[in-house]
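Asker: A single structure is presented below for examination.
The values are calculated or read from the model by the stated rules, or taken from the named source; none is laboratory data. Only a predicted model underlies this, so the values are computations on that prediction, with no experimental measurement involved. Ideal geometry is used to build each Cβ from the backbone, glycine not excepted, and the neighbour counts take in all protein chains shown.
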2 protein chains.
Amino acid sequence: MKIARPLARLIESFQKLPGIGPRTAQRLSFYLLHVPQSELDSFSEALAELKKQTVFCSICKNVSESDPCPVCSDSSRDKSTILVVEQPLDILAFEKTGKYKGVYHVLHGSISPLENIGPDEIFIAELLKRAKAPVKEIIIATNPTMEGEATAMFIKKKLNESGSAKKIKLTRLGVGVPTGADLEYADETTLTQAIEGRREI
Amino acid sequence: MKIARPLARLIESFQKLPGIGPRTAQRLSFYLLHVPQSELDSFSEALAELKKQTVFCSICKNVSESDPCPVCSDSSRDKSTILVVEQPLDILAFEKTGKYKGVYHVLHGSISPLENIGPDEIFIAELLKRAKAPVKEIIIATNPTMEGEATAMFIKKKLNESGSAKKIKLTRLGVGVPTGADLEYADETTLTQAIEGRREI
């Protein structure tokens, strides 16, 4: 006996998602058999319309319904400070703090030779172009991983080459122990960086 | 800044799935932004068509494209032995063994007062009706959980009441230590049942 084809097709689609294995894909698909058709329809529509109803903002490359996006078209935001992130989700994290009043730039990834992602695959050229306009500060907030660090270094190098770096303050997020963490479990690199980045109290 | 509405809608749909929290729902939805539209369309279609193109087999209640399902309409299967399972996925597990030649009955759940699932919410009445026809054996293969055991007991009681139990051999799956398990980590109930169910060698 085989799984009915309509189910098999759905299982296959779920399985293509990152972090969803064959067992989870089966479980989710069988679960959906017990869900009202109206819910299936709205899920189905959300999928089909996802990319049709969204664009990458032509300025910051964030996912948006409008172009420019709400942040780039907000006159109260400081256009001379650009915070560079890897993913649109990272923007949400910064917006939740309510403390950042500048604008963003989404790279949509990081340089990763292992995954065949070079500088041209992500929106670095677009950032360098933005840096030519009057910009005071670029805060690089790529992830504190090998790939994130390499991407930050690459951007720094390119800004230096283009001469933009002279007039722009280039910064990186502060590093150290996160609030609420237990020092006992902190890794050596984090602790080293926390000591190097110690502040007067 | 809020998440663009088309994305928010998709995140909401993912979040309704069992075991998918808000973070995973966000991650999956943002991932899908980078997937070709053709893949989104086929995922979307699989969802919309899932229930339209499948039926519950009128005999065994398994999910199928045809009615009766391939197992019930297979003349080589022994119709006098019915194996009762909670979910369609359980059938796949038994079919993989290749050892079972009887037919199935899918309850689509188990009796669970905590989740407000009583005997009438699952396909027990349909099983009792099947038991009135000439059936030699009913193997109850509900899960070895509180709910699965309670469901098995309820079915036994109902078969006794209806008088069907007299002519039918009612069995339950063998219990004990699973192949490949490490005895050190086996729980007490399993070990007790394994001792009670010991076999001559």
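Asker: Taking the residues in the range B:154-168 that are under 22 Å from the mean Cα position of the chain (by Cα) and without any contact (Cβ under 8 Å) to a residue 40 or more places away in the chain as candidates, determine which candidate is farthest from B:V106 (Cα to Cα). Give the derivation first.
Answerer: Residues of the range B:154-168 that are under 22 Å from the mean Cα position of the chain (by Cα), as a first pass: B:154-159.
If we keep only those that are without any contact (Cβ under 8 Å) to a residue 40 or more places away in the chain as well, we get B:156-159.
On the way: B:K156: 16, B:K157: 19, B:K158: 17, B:L159: 17 Å.
Looking at residues that are under 22 Å from the mean Cα position of the chain (by Cα) and without any contact (Cβ under 8 Å) to a residue 40 or more places away in the chain, I get B:K157.
Asker: Check A:T145, A:T97, A:T151 and return the single one that is touching a residue at least 60 places away in the same chain (Cβ under 8 Å) and within 18 Å of the chain's Cα centre (by Cα).
Answerer: Numbers: A:T145 fails: touching a residue at least 60 places away in the same chain (Cβ under 8 Å); A:T97 fails: touching a residue at least 60 places away in the same chain (Cβ under 8 Å).
Residue meeting the stated conditions: A:T151.
Asker: Does A:S110 satisfy the criteria of being without any contact (Cβ under 8 Å) to a residue 12 or more places away in the chain, more than 9 Å from every other protein chain (Cβ to nearest Cβ) and in a loop (DSSP other than H, G, I, E, B)?
Answerer: Details: without any contact (Cβ under 8 Å) to a residue 12 or more places away in the chain: no; more than 9 Å from every other protein chain (Cβ to nearest Cβ): yes; in a loop (DSSP other than H, G, I, E, B): yes.
It is false that A:S110 is without any contact (Cβ under 8 Å) to a residue 12 or more places away in the chain, more than 9 Å from every other protein chain (Cβ to nearest Cβ) and in a loop (DSSP other than H, G, I, E, B).
Asker: Which numbered condition in (1) exposed (fewer than 14 other Cβ atoms within 10 Å of the Cβ); (2) closer than 20 Å to B:R23 by Cβ is the only one that A:F14 fails?
Answerer: With respect to (1) exposed (fewer than 14 other Cβ atoms within 10 Å of the Cβ); (2) closer than 20 Å to B:R23 by Cβ, A:F14 is out only on (1).
Asker: Taking only the range A:118-160 into account, find how many residues are closer than 18 Å to A:P88 by Cα and touching a Gly at 6+ places or on another chain (Cβ under 8 Å).
Answerer: Looking only at that region, the number is 4.
Asker: I've got another one for you. Report yes if A:A181 is assigned to a loop (DSSP other than H, G, I, E, B), farther than 25 Å from A:V106 by Cα and in the same structural domain as A:E115 (by TED's automatic domain parsing), otherwise no.
Answerer: Numbers: assigned to a loop (DSSP other than H, G, I, E, B): yes; farther than 25 Å from A:V106 by Cα: yes; in the same structural domain as A:E115 (by TED's automatic domain parsing): yes.
Yes.
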